[in-house]
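Written out below as structure tokens is the structure these notes cover.
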Amino acid sequence: MKFAFAALAVLAGAAASAPAMASVVTAEANVARSEGDWGGELAVGVPVIQDGGFAITPGVGLFFHDRDHPGYYHDNGDCFSKQSGNQVSGGKCDDSGTKIFAKVEATYRLPMALAVGVGARLTGDNLRPYGTVSMPVFPHIDVKGNLGDHYVAAGLQARF
């Protein structure tokens, strides 16, 4: 987990040091499946290198998912461990989960057309490569898809 926070700090520093004129903030909202869980993800990124249609964009985001806790159960509004029978914190029976992730994507965009590229996503201690493709549907709004090892996502990306 320390590695994930260090990676986020490096990405934030790189985004802050990018020249203001070259930066375009990207924001994504996706339906995703990551590490076996379905959910939604929100992410932001700032290109640190842009040259013609080529861009390298680091980003950070949150993955919201339905967390399964098979070792715990509810009884009269309280949460208990199935193994010991002891009462535990209510968060163990809460089915909502959130994971922070860091990512970096290298893409090439044809003018007013398709963008294709590769990326890497760090969730916890797992660094997973993926492919990405996006296509404009409105000015500054793309439909986007990602596909990789233990990861698939589809949604919208806005460029500001």
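The values are calculated or read from the model by the stated rules, or taken from the named source; none is laboratory data. Here the structure is a predicted model, which is why all the values come from computation and not from measurement. Positions of Cβ are backbone-derived with ideal geometry, glycine not excepted, and every protein chain shown enters the neighbour counts. Accessible surface areas use protein heavy atoms only, side chains included; no ligands, DNA or RNA. Shrake-Rupley method; radii C 1.70, N 1.55, O 1.52, S 1.80 Å.
Taking a sphere under 9 Å around the Cβ of residue 101 and counting the other residues whose Cβ falls inside, with K and R at +1 and D and E at -1, yields a net charge of +2. Of the whole protein surface, residue 125 contributes about 120 Å² of accessible area at a 1.4 Å probe radius.
Which FRET efficiency value, to the nearest 0.05, is calculated for residue 78 and residue 154 with the Förster distance at 35 angstrom and r the Cβ-Cβ distance? Could the numbers behind the result be given before it?
On the way: r = 39 Å, r/R0 = 1.11.
It comes out at approximately 0.35.
Looking at region 65-160, which trypsin sites (Lys or Arg not before Pro) are DSSP coil and have at most 12 other C-beta atoms within 10 Å of their C-beta? Walk me through the numbers before you get to the answer.
Values: sites: 67, 82, 92, 99, 103, 109, 121, 144, 159; in loops: 67, 82.
Those satisfying the criteria are 82.
Taking only protein heavy atoms and a 1.4 Å probe, the accessible area of region 32-111 is 53% carbon and sulfur.
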